[in-house]
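Worksheet for the structure shown next.
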Amino acid sequence: MKKISRKRVFSKISAFVSTPIVRYLLILLLVTFGIMGIIYFVEAGKNDDISSFSDVLWYTLATITTVGYGDISPSSSLGRIAGSFLLLFGVVIFGGISGKMASVLFDQQLKMDRGLLKLRGISGHFLICGWKPDFEQILDGILVANPDIPPEKIVLINEASQENIEKIKTVSRYRGMKFLFGDYTEEETLLRANIKSAERVLVLSDYSKNFSQMETDSKTVLAVLTIGSLNPKLYIAAEIIDSKFEKHLSLARCDEIILSHDYERSLLVSASSGVGLSHILKELITETSGEGLVIENIPEECIGKTYGEYRKSLSVNRVLIGILENTGNFYYRRKEALSEAQKNPDVKKVIENLKKIKNLRSNRPVLAPSDDYIIPSNSKAIFVCGKRKRSE
């Protein structure tokens, strides 16, 4: 065990005592005990109500708190003068303490309202970084698509105007969500959000300030890099406007990349053909849990088997359309792949396997593979599920 020097202990005590609030309390205690000593020495043995130091302590507490039961009171002139000082001193003490407490509470509430407090006692939470004009619809969709995540586990980090944030706070279904004001590309802001204990992050293309598209995407890439450095085990999904930045996010080990403008453009192009593809996509990408495109876990006994064998084992009320490889946190997938690659005794094979790891993609979809395709570990099944019956 490491020895702690006396010098270090004394320096810590000195630093603690030198703080203004501690010095203030020590002075109050010294003055109070001084007055208590005077009352005890002049009253003990002469006043039937004061026979011990505990009687003086009771009288002091009743006087300082201005309760004044009247069951004990000094009888000598000096005792009464000391008691008067104690009474006046009590008013000053309680006025100072109550004022300080009110100031601290008000400051805490003000910081909370402005999103400047550090989050404590929260873990496994979901961070949503950035703000967009349709932010409420995004929050609604997240709550519907993730029924296992309560609002209390959602933390919003952005630099949106106070008006926009107050609007979010007044909505009852968002009650419990926590808000932090600040730049989510900065380490200090992310640490206030307890990033090291978080479970998931969604980085939106931020419209809280008048940035160009390039500046917005650059901010997203910087945020992903900073988040990944603070917590590499975190699952990160990020939205970008320009596909040119996709490579940068891939290098930053972003688990899921959303190209919102590319998707919009693809929908417009498909609509121009007049085949109704946009309607199909709308039905597939539904916000209702368990409908449209659904990703589900594959039973452990089916991992390592062929796609054909797994497909035949399924029920007929949904359609299997493919496999999603390397699911979950990409940090763990790379770590597992690296460990597996180094097991081969052949050095050439090890080098080949390490090269393959460089091209490893997170959440890689394999649509309609052949029946002899072997389902790898850390994979999930992609289904198309129809609308469920609604109870009348």
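Computed values, structure above
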quantity	calculated
Per-region count, segment 251-304, residues open to solvent by 40 Å² or more (accessible area, probe 1.4 Å), of a type outside the set (Val, Ile, Thr) and either in contact with a helix residue (DSSP H, G or I) (Cβ under 6 Å, 6 or more places away or on another chain) or not in a helix (DSSP H, G or I) (or both)	14
Residues that are buried (at least 16 other Cβ atoms within 10 Å of the Cβ) and at pLDDT 90 or above, drawn from segment 111-137	HIS125, PHE126, LEU127, ILE128, CYS129, GLY130, TRP131, LYS132, PHE135
Considering residues of segment 236-250 that are part of a helix (DSSP H, G or I) and either in contact with a Pro (Cβ under 8 Å, 6 or more places away or on another chain) or not aliphatic (A, V, I, L, M) (or both) only, the residue surrounded by the most Cβ atoms within 10 Å (Cβ to Cβ)	PHE245
Selected residue (criterion: farthest from ASP134 (Cα to Cα)) from residues of segment 149-181 that are modelled with pLDDT of 90 or more and of a type in the set (Asp, Glu)	GLU152
Check on LYS312, modelled with pLDDT of 75 or more, out of contact with any strand residue (DSSP E or B) (no Cβ under 6 Å at 6 or more places or on another chain) and open to solvent by 90 Å² or more (accessible area, probe 1.4 Å)	yes
Test: residue in segment 175-185 that is closer than 19 Å to LEU225 by Cα and either open to solvent by 70 Å² or more (accessible area, probe 1.4 Å) or assigned to a strand (DSSP E or B) (or both)	no
Qualifying residue in segment 193-200 (condition: in contact with a Gly (Cβ under 8 Å, 6 or more places away or on another chain), open to solvent by 90 Å² or more (accessible area, probe 1.4 Å) and at pLDDT 90 or above)	yes
Positions within segment 25-84 being over 28 Å from MET101 (Cα atoms), assigned to a helix (DSSP H, G or I), among the hydroxyl-bearing types (Ser, Thr, Tyr) and without any contact (Cβ under 8 Å) to a residue 12 or more places away in the chain, in sequence order	SER54, SER77
Pairs where the first residue, in segment 217-235, is open to solvent by less than 10 Å² (accessible area, probe 1.4 Å) and the second is of a type in the set (Phe, Trp, Tyr), C-beta under 9 Å, 6+ apart	ASP217/PHE245; THR220/PHE245; ALA223/TYR184; ILE227/TYR184; LEU234/TYR331
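The values are calculated or read from the model by the stated rules, or taken from the named source; none is laboratory data. Owing to the predicted nature of the structure, the values given are computational and were not obtained by experimental measurement. Because the Cβ atoms are built from the backbone with ideal geometry, glycine has one as well, and the counts that use them run over all protein chains shown. All accessible areas refer to the heavy atoms of the entire protein, side chains included, with ligands and DNA or RNA removed. Shrake-Rupley method; radii C 1.70, N 1.55, O 1.52, S 1.80 Å.
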